[in-house]
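K.L.:
One structure follows; several queries about it will come next.
The values are calculated or read from the model by the stated rules, or taken from the named source; none is laboratory data. Fair warning: this is a prediction, and the values are worked out from it, not measured in the lab. Neighbour counts are summed over all protein chains in view; Cβ atoms, including those assigned to glycine, are modelled from backbone coordinates with ideal geometry. For accessibility, only protein heavy atoms count, side chains too; no ligands or nucleic acids. Shrake-Rupley method; radii C 1.70, N 1.55, O 1.52, S 1.80 Å.
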Amino acid sequence: MIERYTRPKMGRMFTAKYRFDTWLKVELAVCEAWAERGEIPQDAWKRIRKNANYKLRRINEIEAQVHHDVIAFNTAVADYIGEDSAYFHKGMTSNDVVDTAQCLIIKEAGQLIEEGLISLRKALGARALEFRHTPVMGRTHGVHAEPTTFGLKLLVWYDELNRHEERLAMAIDGIAVGKLSGAVGNFAHIPPDLEEQILRKLGLQSAPVSNQVVQRDRHAHFVMVLAGLASTMEKIAVNLRSYQRTEIGEVQEPFAKGQKGSSAMPHKKNPILLERITGLSRVIRGYAVTALENVALWDERDISHSGAERVILPDACILVDYMMDKLTTVVSGLVVRPEQMNRNIYMTKGLIFSQRVLLALTEAGVSREDAYSMVQRNAMRCWEDRSPLLDALLNDRDVRSHLDTAQISRLFTIDPFLEHVDKLFERVGLSDGKKGSGEVKPVQAPRRGRGRGRGQHQDEKLERITRSELGNIDSIAVETGAIQNISERASDYFESSSVVLSRKGGKGQGDDTLGEAEHQKKKTGQERGRQSSRSSGRGRGSSKIKEKDSGQDKEKSREQTEPKPEAKPAAPEKPAASEDGKEKASAKPRRRRRRSPSRKPADGAAKNENDNKDKGEDK
């Protein structure tokens, strides 16, 4: 692996010197076991143990001639031990040394990866606890779904890393085997019990049965576990990169002092570490394919796997080690923006509560199909008009025939989405040992830029609202106009309806004006340009406008003259001829303004009688 992606400790395990040192460790362990059985004289064993050594340059020189690395190694060691080399490599074949040493190195590399994985998991766990009650928008298909918490997002990844720890432990156990069974695996020259003795001393298990090589399904499993771990790291990286997008802006990868993001654009802060992790994970998954291809070898052994393994095994270990270190750095130093998370929650002006409305309607006796249709038609209209869903529902006759104002309004809160957060942390087994920690901090509720003079000079005395006191309210709901109510105060012109109800002492029943006050009512696209359905109280006679519902959301208006109680019928108006041919009698009353009988019904009869006299013909 290139030096850029190699951390020193892991890199040293895959140097030529470390490999030959491990070969020598295996060879000396075999010599010692033979000496204990009297197969090698004790004096010879002592000299071998004292003098055994090699020079890398000498190995390379010999290999260039013989084209066999194990023979080159043995010859280079023989230069140091002299005549005692007759006992060196006794009863062994090349892969007894190579495979056993390679499994020993992979085991050590796996244990180092295990340490890095634990560090990454702990970093994720710490941030998950830190933000376990921080609301954030949940997304499916990249589209706003329902609220969750940022801590729960991290908890999902934390739990996934727990499983990777288990898999990695199994993979390390699976690869931590050796074999000294000879050229075809039948122990023709080293007895099985001697193999077990030697491998136990090296910290390995004996492969129950083998041919000339340790079977490559073990190596494939190990690399696949690394590929799975890399894929999880990529998942974390991809999501964090997405949350850093300018349009979302919820997190940011650490950006060091003096760091530069672009040679052309000085403003750039790019998630380069997360992008690097994403790219390198693809390389490791490619190694997994190669490892699987290496499983199928001819007969008792061929070396089609050898060249590939010299690349994929070191590189996979080195890259995973590097990626975990970089991801741990990002997670630990991740810049998190809770206020932006809140803004995104209310971006769609309450559409995220559609399922709560749907379920409330079904609980009120509406079939699921009809309830879905009611909510969807309002939601789709709000998508297009960018208007609050609460307003649309409160103006929907079908919805209101099943749910009153208070029932609808109470649905617009994110509290239920956060209710079981602590339970989920408990199930995963993640705790900071502090009961009730992660309490939501109060946030300021900024004034809207409108109002009637109230709170004009109180910028520095903004009301502080906490979810624990007033329900699930925050400054973003206020700021974005996500949810409406009838409050006149500029600072809370838009806020959760639950606050309004609590301010009214919980008496929300029958409050038909909630969210529908004329000064707040927002007309949808279909309603723009239509006349108000309220009676104007102007014109000749007492009239009012009746709304006729066609059942297809078509509204028609017509005027109907109310009968005037105990009033004498007025004389019929006769058109008066004039020079310009106009009817003076019909024109004259229009210049007069009279009160509608509905404004003062008590003396309506007397009033009507006087009006009739006033409206007589003026001839």
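K.L.:
Per residue of the stretch 389-403, in order, report the coupling 6.51 cos²θ - 1.76 cosθ + 1.60 (Karplus, θ = phi - 60°) as ³J(HN,Hα) in whole Hz, putting x for Gly and Pro.
P.N.:
3J(HN,Hα) across the stretch 389-403, in whole Hz: 5, 4, 4, 4, 5, 5, 9, 9, 5, 5, 5, 5, 6, 10, 10.
K.L.:
Same structure again: I need the fraction of alpha carbon pairs in the stretch 216-329 separated by more than 16 Å, rounded to a whole percent.
P.N.:
Counting every Cα pair in the stretch 216-329, those more than 16 Å apart make up 64 percent.
K.L.:
May I ask which of LYS326/LYS349; LYS122/LYS423; LYS107/LYS153 have a Cα-Cα span longer than 29 Å here?
P.N.:
Too far apart for the 29 Å limit: LYS326/LYS349; LYS107/LYS153.
K.L.:
Continuing with this model, one more query. If I ignore ligands, DNA and RNA and count only protein heavy atoms, how much of HIS221 is accessible to a 1.4 Å probe, in Å² to the nearest 10?
P.N.:
Solvent-accessible area, nearest 10 Å²: 70 Å².
K.L.:
Still on this structure, please answer the following. Kindly write out, for the stretch 76-87 in residue order, the coupling ³J(HN,Hα) from the Karplus curve 6.51 cos²θ - 1.76 cosθ + 1.60 (θ = phi - 60°), rounded to whole Hz, with x marking Gly and Pro.
P.N.:
5, 5, 4, 4, 9, 9, x, 5, 5, 5, 4, 8
K.L.:
Could you pull out every residue, at least 5 positions away or on a different chain, whose amide H is within less than 5 Å of the one on GLU146? Hs are placed 1.01 Å off N in the peptide plane, and Pro or chain starts have none.
P.N.:
It is GLY138, by chain and number.
K.L.:
Sticking with this structure for a sec: Can you list residues whose amide H is under 5 Å from GLN205's amide H, if they're 5+ apart or on another chain and H is modeled 1.01 Å from N?
P.N.:
The answer is VAL177, GLY178.
K.L.:
Determine, for the stretch 203-322, the count of lysine pairs separated by eight or more sequence positions (or lying on different chains) whose alpha-carbon distance falls under 19 Å.
P.N.:
4
K.L.:
Related question: What do you get for GluC sites (Glu not before Pro) in the stretch 161-265 restricted to DSSP loop and a cutoff of at most 10 other Cβ within 10 Å of the site's Cβ?
P.N.:
GLU247
K.L.:
Right, something else. What does the net charge come to around GLY365 if you take all other residues with beta carbon closer than 15 Å to its beta carbon, with K and R at +1 and D and E at -1?
P.N.:
Value of the local net charge: -3.
K.L.:
Shape verdict for the stretch 285-355, please, from the Cα gyration tensor: rounded (a/c under 1.5), prolate (a/b greater than b/c) or oblate.
P.N.:
Oblate.
K.L.:
Rounded, prolate or oblate, given the Cα gyration tensor of the stretch 139-180, with a/c below 1.5 counting as rounded?
P.N.:
Prolate, because a/c is 1.5 or more and a/b exceeds b/c.
K.L.:
Which of rounded, prolate, oblate describes the stretch 45-98, given a ≥ b ≥ c as roots of the alpha-carbon gyration tensor eigenvalues and a/c under 1.5 marking rounded, otherwise prolate only if a/b is larger than b/c?
P.N.:
Verdict is oblate for the stretch 45-98.
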